[in-house]
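The block underneath contains the structure these notes are about, expressed in structure tokens.
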Amino acid sequence: MARLSIEDCATQRSPGRMLRRLEQDVKTLLERRFAAEDVTVTQWIALKVVRDAAVSNPGELARELNITSGATTRLIDTLEERGLMARDRSAGDRRLVGLKVTDGGDALVQTLAPIVVAGWNELVADFSDTEVEQFSAMLARLLVVAERMLGKESAVFAGEAIS
């Protein structure tokens, strides 16, 4: 049964457009807050998802961030040069490269996490606690369905929708 009509997907109300613009706007807002920290939002996300074991290698990181393998290599190189992340080559097969966050990278994630949380809290300030929970739950469900449709195993777990 169709839930949306062509009119519901008109430019001003298109769910895809709103999600894309929301992602762009949130990233821009966080970049402004990170300006004094000498780190980009993309670098912070890379550190966080590796630290939290959501991704474990460069290929997974590229898919998580939706960037090319070349851009991922440059990102990892930068984080490595800054002592925030390290490549972890497999002893059994040197072609296999894992990623790990250093103590310095972990400290940076912990330092910047309150900035991210404060930004999200400011963004949802006009919503009730129930609305925020419902929004997070709906996003998590949408992601599970989209990943299932793409044949991916979902990495979304209950209670982890906002990160």
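The values are calculated or read from the model by the stated rules, or taken from the named source; none is laboratory data. Keep in mind it's a predicted model, so treat the numbers as computed, not measured. For neighbour counting, all protein chains shown are included, and Cβ atoms are generated from backbone atoms with ideal geometry for every residue, glycine included.
Answer yes or no as to whether Val145 is part of a helix (DSSP H, G or I), within 21 Å of Met18 (Cα to Cα), of a type in the set (Val, Ile, Thr) and free of Cβ contacts under 8 Å to residues at least 24 places away in the same chain. Outline the logic, then answer.
On the way: part of a helix (DSSP H, G or I): yes; within 21 Å of Met18 (Cα to Cα): yes; of a type in the set (Val, Ile, Thr): yes; free of Cβ contacts under 8 Å to residues at least 24 places away in the same chain: yes.
Against the criterion (part of a helix (DSSP H, G or I), within 21 Å of Met18 (Cα to Cα), of a type in the set (Val, Ile, Thr) and free of Cβ contacts under 8 Å to residues at least 24 places away in the same chain), Val145 qualifies.
Among Thr68, Thr72, which is closer than 25 Å to Leu150 by Cα and either at pLDDT below 95 or surrounded by 14 or more Cβ atoms within 10 Å (Cβ to Cβ) (or both)?
It is Thr72.
Condition (residue is touching an Asp or Glu at 6+ places or on another chain (Cβ under 9 Å), under 23 Å from Asp106 (Cα atoms) and among the charged types (D, E, K, R)) applied to region 37-51: is it met by at least one residue?
yes
Just need a number here: residues in region 5-22 that are charged (D, E, K, R) and exposed (fewer than 11 other Cβ atoms within 10 Å of the Cβ).
Going through region 5-22 one residue at a time, the tally reaches 1.
Restricting the search to region 31-41, which residues are free of Cβ contacts under 8 Å to residues at least 60 places away in the same chain and surrounded by 17 or more Cβ atoms within 10 Å (Cβ to Cβ)? Spell out how you get there, then give the answer.
First, pick out the residues of region 31-41 that are free of Cβ contacts under 8 Å to residues at least 60 places away in the same chain: 31-32, 35-36, 38, 40-41.
The answer is Val41, and nothing else.
Is it the case, given these coordinates, that Thr28 is touching a Lys or Arg at 6+ places or on another chain (Cβ under 9 Å), polar (S, T, N, Q) and free of Cβ contacts under 8 Å to residues at least 40 places away in the same chain?
Taking the combined requirement at face value, the residue does not satisfy it.
Looking at Asp129, Asp106, Asp93, which one is more than 18 Å from Arg51 (Cβ to Cβ), of a type in the set (D, E, K, R) and at pLDDT 95 or above?
Asp129
Looking only at region 86-121, count how many residues are among the β-branched types (Val, Ile, Thr), closer than 20 Å to Thr73 by Cα and free of Cβ contacts under 8 Å to residues at least 40 places away in the same chain.
Qualifying residue count, region 86-121: 1.
If a residue has to be in a helix (DSSP H, G or I) and touching a helix residue (DSSP H, G or I) at 6+ places or on another chain (Cβ under 9 Å) to count, how many in region 29-53 make the cut?
Result for region 29-53: 17.
How many residues does region 9-45 contain that are touching a Gly at 6+ places or on another chain (Cβ under 9 Å) and either closer than 30 Å to Asp93 by Cα or of a type in the set (Val, Ile, Thr) (or both)? Even if it seems obvious, please write down each step before you answer.
As a first pass, look at region 9-45 and keep what is touching a Gly at 6+ places or on another chain (Cβ under 9 Å): 9, 26, 29-30, 33.
Checking which are either closer than 30 Å to Asp93 by Cα or of a type in the set (Val, Ile, Thr) (or both) leaves us with 26.
Count: 1.
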